[in-house]
Amino acid sequence: PTDVELAKNMGCRAIYLQNSPETLKEKGLEEVCALATTDWDQIAEFLFAGERKAEVRRTTKETDIDVALNLDGNGTCDISTGLGFFDHMLEQIGKHSGMDLTIHVKGDLEVDEHHTIEDTAIVLGECIYQALGSKRGIERYGYALPMDDCLCQVCLDFGGRPWLVWDAEFKREKIGEMPTEMFLHFFKSLSDAAKMNLNIKAEGQNEHHKIEGIFKALARALKMAIKRDIYHFELPSSKGVL
């Protein structure tokens with residue numbers, strides 16, 4: 001910790017050779033710590049390829065949205081949109097992809113849920129796109145998973161060409177406070193903003209399980225696709241550009 005304090009006094013950041021920065025919190029040095037790990041491959045990746053973080057703020061007459069993420073985080077989430085079920089679904093993205101995700105939204109819920117859900121997807125997509133940077137070394141592609149009675153498949157490609165294939169139907173008008181018609185709209189806006197191809201299919205009887213399975217499958221697909229290999233630090237494309 002005294003070395004991290006030295007870094008703070010010098011105006012730079014530190015890599016802390018411990019698995020947890022808990023001891024730094026007591027001294028107020030957490031922000032100075034760029035990385036806390038004993039994994040030298042992770043340290044090499046950080047020094048060689050850099051951080052993959054982004055923050056996007058979008059303010060309109062309808063919504064005020066702040067999204068921040070770290071693709072190489074630990075799945076830590078801080079999410080508040082004013083829609084409980086939507087918060088729960090967004091938390092699945094962070095938790096099961098391993099990215100740290102902060103989403104704070106103030107929307108015109110007195111009108112309805114549409115603007116809050118759509119604009120959140122746009123800002124989250126932009127944040128993912130920025131954090132990916134050059135895309136060098138990423139796997140690019142990503143997942144199917146079962147959830148009780150449901151089978152959900154989300155395949156994605158960070159190829160730079162947005163497209164959505166949606167094969168999921170819902171019989172309920174709402175799940176929680178979230179209209180089921182907005183699920184398609186959310187993923188379309190997310191695909192466009194992140195410039196990724198999404199192919200989503202879901203089957204099953206329980207509507208809650210079905211949509212939660214889709215969000216979890218998206219998260220696992222993201223985890224696969226954003227995985228980075230600094231020892232093969234090339235664009236995963238024969239075109240040479242993504």
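For segment 184-192, indicate whether the set of residues that are of a type in the set (Phe, Trp, Tyr), surrounded by 21 or more Cβ atoms within 10 Å (Cβ to Cβ) and touching a strand residue (DSSP E or B) at 6+ places or on another chain (Cβ under 7 Å) is non-empty.
yes
Mind listing whichever residues of segment 38-57 are within 22 Å of the chain's Cα centre (by Cα) and either surrounded by 16 or more Cβ atoms within 10 Å (Cβ to Cβ) or hydroxyl-bearing (Ser, Thr, Tyr) (or both)?
Hits for segment 38-57 are 45, 46, 49, 52, 53, 54, 56.
Give segment 33-64 a look and list any residue that's part of a strand (DSSP E or B) and within 24 Å of residue 118 (Cα to Cα), or say none.
53, 54, 55, 56, 57, 58, 59, 63, 64 - these are the residues of segment 33-64 that are part of a strand (DSSP E or B) and within 24 Å of residue 118 (Cα to Cα).
Could we say that residue 94 is assigned to a loop (DSSP other than H, G, I, E, B), assigned by TED's automatic domain parsing to the domain that holds residue 147 and either on the phi > 0 side of the Ramachandran plot or of a type in the set (Gly, Ala, Ser) (or both) here?
no
Return the pairs, sorted by first residue and then second, in which the second residue is aromatic (Phe, Trp, Tyr) and outside any loop (DSSP other than H, G, I, E, B), the first residue lies in segment 206-225 and is surrounded by fewer than 22 Cβ atoms within 10 Å (Cβ to Cβ), the beta carbons are less than 9 Å apart, and the residues are 6+ apart or on different chains.
208/85; 224/141
Which is in the same structural domain as residue 80 (by TED's automatic domain parsing), touching a Pro at 6+ places or on another chain (Cβ under 9 Å) and aliphatic (A, V, I, L, M), of 131, 194, 144, 168?
194
For residue 72, all conditions in the list (1) surrounded by 18 or more Cβ atoms within 10 Å (Cβ to Cβ); (2) of a type in the set (D, E, K, R); (3) in contact with an Asp or Glu (Cβ under 6 Å, 6 or more places away or on another chain) hold save one; what is the number of the exception?
If we test residue 72 against (1) surrounded by 18 or more Cβ atoms within 10 Å (Cβ to Cβ); (2) of a type in the set (D, E, K, R); (3) in contact with an Asp or Glu (Cβ under 6 Å, 6 or more places away or on another chain), just (3) comes out false.
For the list (1) outside any strand (DSSP E or B); (2) of a type outside the set (Ser, Thr, Tyr); (3) under 18 Å from residue 118 (Cα atoms), I need the number of the one condition that residue 198 fails.
All conditions pass for residue 198, except number (1).
Residue check, residue 195 against (1) of a type in the set (Lys, Arg); (2) touching an Asp or Glu at 6+ places or on another chain (Cβ under 9 Å); (3) at positive phi, all met but one. Which one?
If we test residue 195 against (1) of a type in the set (Lys, Arg); (2) touching an Asp or Glu at 6+ places or on another chain (Cβ under 9 Å); (3) at positive phi, just (2) comes out false.
Going through segment 101-138 one residue at a time, which ones are small (Gly, Ala, Ser) and more than 30 Å from residue 242 (Cα to Cα)?
Once the filter is applied, which keeps residues that are small (Gly, Ala, Ser) and more than 30 Å from residue 242 (Cα to Cα), segment 101-138 yields only 107.
Any residue in segment 50-71 that's more than 19 Å from residue 100 (Cβ to Cβ): show its pairings with residues that are modelled with pLDDT of 95 or more and of a type in the set (A, V, I, L, M, F, W, C) at Cβ separation under 6 Å, as long as the two are six or more apart or on different chains.
Filtered contacts from segment 50-71: 58/65; 58/123.
Which one is farthest from the chain's Cα centre (by Cα) among residues in segment 1-19 that are in a loop (DSSP other than H, G, I, E, B) and surrounded by 11 or more Cβ atoms within 10 Å (Cβ to Cβ)?
1
The values are calculated or read from the model by the stated rules, or taken from the named source; none is laboratory data. The structure displayed is predicted, hence computed values, not measured ones. All Cβ positions, glycine included, derive from the backbone under ideal geometry; neighbour counts span all protein chains shown.
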